[in-house]
Amino acid sequence: MIEDNVKQILAKLPPGVTLVAAAKTRTPDEILRAIAAGITVIGENYIQEAREAFAAIGKKAAWHFIGRLQKNKVKRAVEIFDMIETVDSMRLAERINRSCAALGRTMPVLIEINSGREPQKAGVLPEEAEDLLREMSTLEHISVRGLMTMGPRFGDPEEARPYFKRTKDLFDQLGKEKLANAEMRVLSMGMSNTYNTAIEEGANMVRIGTRIFGEREKK
Ligand SMILES: *Cc1c(COP(=O)(O)O)cnc(C)c1O
């Protein structure tokens, strides 16, 4: 099941698009099955869950943090993750920078954009992204690699298209800036029900959970 799902998605993914398996609530055994079928990047939302999965699986895949990172968990996050996709404030960036400096490493990050301008959602507003990018480029232990967005949830993926388009426009605009420690290479957008639309609009990283692992149990 998991194996077939991964193979089917990978077979149809255009070249240059990276598939992140969004693994929240999944067991290490389920994650290992996805890796065996060709998954190379695991996305995790919760630090404790990620630590348990990482302890069981280790470096068989790359690990991306895709959840809301609480400031008191930054230190533990930088020990595990290869990329943090959800940086949306200078305060958080500074924390990551400090923890990485202590470990003598640099963290690749994406800036999360609140493309739907939803008050309850994470992410920086599109018009504030440029200032944040400039500020973040002064941090030596952070390397900005691109943008990530969730966008509002819709039943119909067509309704998500304008938010992906807007984020791609921003990605192109910010890509013209010549800044230290910053470049626009990765555009992470699209989930199980929207990833094809996101790819049409320029995503080169998609984060898929349900389509790989099945429905999540409601808590
Ligand atoms: C859960 C999650 C996904 C995947 O969602 P599905 O609808 O299960 O594919 C993608 N991105 C983030 C940030 C998530 O939390």
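How would region 1-119 be classified by its alpha-carbon gyration tensor: rounded, prolate or oblate, with rounded meaning a/c under 1.5 and the a/b versus b/c comparison settling the rest?
Cα axes put region 1-119 in the prolate bin.
Straight-line reach from Lys176: which lysines have a Cα under 28 Å away, not including same-chain ones fewer than 8 places off?
Cross-link targets: Lys121, Lys165, Lys168.
Sorted by average packing, counted as other Cβ atoms within 10 angstrom per residue and highest first, what order do 57-65, 140-148 take?
Top to bottom by mean Cβ count within 10 Å: 140-148, 57-65.
With unit charges on the beta carbons (Lys and Arg positive, Asp and Glu negative) and the dipole taken about the Cα centre of the chain, which residue among Gly146, Ile47, Val6 sits farthest to the positive side?
Towards the positive end, the residue furthest out is Ile47.
Compute the signed sum of charges (Lys and Arg +1, Asp and Glu -1) over the other residues within less than 14 Å, Cβ to Cβ, of Glu127.
-2
Counting only heavy atoms of protein chains, what accessible area per residue, in Å², does region 101-157 have with a probe of 1.4 Å?
On the way: 2600 Å² over 57 residues.
Counting only protein heavy atoms, the per-residue value for region 101-157 is 46 Å².
Under 9 Å from the Cβ of Arg95, count the other residues' Cβ atoms, weight Lys and Arg +1, Asp and Glu -1, and hand me the total.
Result for the local shell: +3.
Tell me, what is the percent relative contact order of the chain, built from C-alpha pairs under 8 Å that lie six or more residues apart?
On the way: 416 pairs, mean separation 41.7, N = 219.
After rounding, I find 19 percent.
Have a look at the DSSP beta bridges in the chain and tell me what percent are antiparallel, nearest 5.
Details: 1 of 30 bridges.
If I count the DSSP bridges inside the chain, around 5 percent turn out antiparallel.
The values are calculated or read from the model by the stated rules, or taken from the named source; none is laboratory data. The structure presented is a predicted model; accordingly, all values stated were derived computationally and were not measured. No Cβ is skipped: glycine too gets one built from the backbone with ideal geometry, and neighbour counts run over all protein chains shown. Surface areas here come from the heavy atoms of the whole protein model, side chains and all, with no ligands, DNA or RNA. Shrake-Rupley method; radii C 1.70, N 1.55, O 1.52, S 1.80 Å.
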